[in-house]
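Take a look at the structure set out below.
The values are calculated or read from the model by the stated rules, or taken from the named source; none is laboratory data. The structure displayed is predicted, hence computed values, not measured ones. As a convention, Cβ positions derive from the backbone with ideal geometry for all residues, glycine included, and neighbour counts pool all protein chains shown.
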Amino acid sequence: MSTSSFTPVSSGTLAALDLLQVSVDGAVAHIRLNRPAKRNALSDPLIQQLHTAFVNLPQAVGAVVLSGEGEHFCAGLDLSELVERDVIGGVLHSRMWHAAFDQVQFGRVPVIAVLHGAVVGGGLELAAACHVRVAEASAYFGLPEGQRGLFVGGGGSARIPRLIGVARMSDMMLTGRVIDAEQGVQAGLAQYLVPDGEGLAHGIALARRIATNAPMSNFAVMHALPRIADQSQSEGLFTESLMAAVAESTPDAQERLRAFLDKRAGKVLKG
């Protein structure tokens, strides 16, 4: 599946984001990091544009595919822009990243990341904020902050251990170990592994499927599920009851249930 059916956004806020390529086809938006000469390194302007893009998604969009232009998904923090900051400046800089990546994880619609080449440092933090990750065979994962005298500041310490565990993340940061695509899928950094060049088609197909779900169901998975995982079992079960009641009471859910009972609903897709 190609992106030929996607139409670039030509007006409004999204069209002015020069460090991103934003296009839409029906219920799916494709947001592509567009700094290939810098391996899509995350500069402050790019972080701010990511925030803006996810806040201003068209209302008709039900899922987003996030990818990187060129040979890499994202090589992390743009070190050429790294400047000396005092403590409060460093905290505020990190919080700017948090705000942007929170819009990815806790925005309005699910996000599918298509990963190839470098998925390193801040690039891995960005990927971890997405809900589904498709890795091409060329993808490799690393957290080189330890070797550079840094610490993750884009939410990686909160998100990545939930995917692969504290011990494996500690190993990556302390030793500089790089994990290839197959190892990454086995560890939990991605859910799908596809040949090089096939990631975008796979990601778009997943996005189209996800966009057909009931919006409240998708919202519950994005917003309630990770919070329930952080709660005690008794609190989580109560939160689950509330979310289940909200989801099943929507007109959309009730119509889907009637369609299923009347044998009008489509078959569940496998794979």
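For beta carbons closer than 8 Å, sequence separation of 6+ or different chains, a first residue in the range 129-142 that is over 18 Å from P195 (Cβ atoms) and in a loop (DSSP other than H, G, I, E, B) and a second that is modelled with pLDDT of 95 or more and β-branched (V, I, T), the qualifying pairs are C130/V104; C130/V111; C130/I112; H131/V111; H131/I112; H131/V221. Of everything listed in (1) in contact (Cβ under 8 Å) with a residue 24 or more places away in the chain; (2) closer than 25 Å to R148 by Cβ; (3) out of contact with any helix residue (DSSP H, G or I) (no Cβ under 7 Å at 6 or more places or on another chain), the single unmet condition for I47 is (3).
Close contacts from the range 27-44, counting a first residue that is polar (S, T, N, Q) and a second that is surrounded by fewer than 18 Cβ atoms within 10 Å (Cβ to Cβ) and not in a strand (DSSP E or B), with Cβ to Cβ under 6 Å and a gap of 6+ residues or different chains, come to N34/E69; S43/E81.
If you check E198 against the conditions, is it at pLDDT below 95 and out of contact with any His (no Cβ under 8 Å at 6 or more places or on another chain)?
Working: at pLDDT below 95: no; out of contact with any His (no Cβ under 8 Å at 6 or more places or on another chain): yes.
The answer is no for E198.
Here is a yes/no grid of residues against (1) in contact with a Ser or Thr (Cβ under 9 Å, 6 or more places away or on another chain); (2) surrounded by 14 or more Cβ atoms within 10 Å (Cβ to Cβ); (3) in the same structural domain as G62 (by TED's automatic domain parsing); (4) under 27 Å from D102 (Cα atoms):
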residue: V221; (1), (2), (3), (4): no, yes, no, yes
residue: L225; (1), (2), (3), (4): no, yes, no, yes
residue: S232; (1), (2), (3), (4): no, no, no, yes
residue: G236; (1), (2), (3), (4): no, yes, no, yes
residue: S241; (1), (2), (3), (4): no, no, no, yes
residue: S249; (1), (2), (3), (4): no, no, no, no
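Name the residues in the range 26-51 that are surrounded by fewer than 17 Cβ atoms within 10 Å (Cβ to Cβ), outside any loop (DSSP other than H, G, I, E, B) and touching a Ser or Thr at 6+ places or on another chain (Cβ under 9 Å), would you?
Initially, the range 26-51 is screened for residues surrounded by fewer than 17 Cβ atoms within 10 Å (Cβ to Cβ), giving 26-27, 36-37, 43-45, 48.
Checking which are outside any loop (DSSP other than H, G, I, E, B) leaves us with 36-37, 44-45, 48.
None; the set is empty.
Counting only residues that are touching a Lys or Arg at 6+ places or on another chain (Cβ under 8 Å) and among the polar types (S, T, N, Q), how many does the range 84-124 have? Count: 1. Residues being in contact with a Pro (Cβ under 9 Å, 6 or more places away or on another chain), of a type outside the set (K, R) and in a strand (DSSP E or B) are entirely absent from the range 2-12.
Just name the residue that is modelled with the highest pLDDT out of those in the range 219-271 that are among the aliphatic types (A, V, I, L, M) and in a loop (DSSP other than H, G, I, E, B). Please lay out each step first, then the result.
Filtering the range 219-271 down to residues among the aliphatic types (A, V, I, L, M) leaves 220-222, 224-225, 228-229, 237, 242-247, 253, 257, 259, 261, 265, 268-269.
Then drop every residue that is not in a loop (DSSP other than H, G, I, E, B), which leaves 265, 268-269.
Working: A265: 59, V268: 49, L269: 51.
For the range 219-271, the residue satisfying everything is A265.
Condition check: outside any helix (DSSP H, G or I), surrounded by fewer than 23 Cβ atoms within 10 Å (Cβ to Cβ) and touching a residue at least 40 places away in the same chain (Cβ under 8 Å). Does L57 satisfy that? Answer is yes for this residue.
If I filter the range 87-103 for residues that are assigned to a loop (DSSP other than H, G, I, E, B) and either in the same structural domain as G199 (by TED's automatic domain parsing) or in contact with a strand residue (DSSP E or B) (Cβ under 7 Å, 6 or more places away or on another chain) (or both), do I get at least one hit?
Just the residues of the range 87-103 that are assigned to a loop (DSSP other than H, G, I, E, B), to begin with: none.
No: the range 87-103 contains no residue that is assigned to a loop (DSSP other than H, G, I, E, B) and either in the same structural domain as G199 (by TED's automatic domain parsing) or in contact with a strand residue (DSSP E or B) (Cβ under 7 Å, 6 or more places away or on another chain) (or both).
Please verify whether L115 is closer than 20 Å to P161 by Cβ, buried (at least 18 other Cβ atoms within 10 Å of the Cβ) and over 10 Å from the mean Cα position of the chain (by Cα), treating the condition exactly as stated. When the stated conditions are applied, L115 passes them. Between a residue in the range 215-243 that is without any contact (Cβ under 8 Å) to a residue 24 or more places away in the chain and any residue that is of a type in the set (K, R), which pairs come within a Cβ distance under 7 Å, given they are 6 or more apart or on different chains? Hits for this filter: T239/R227.
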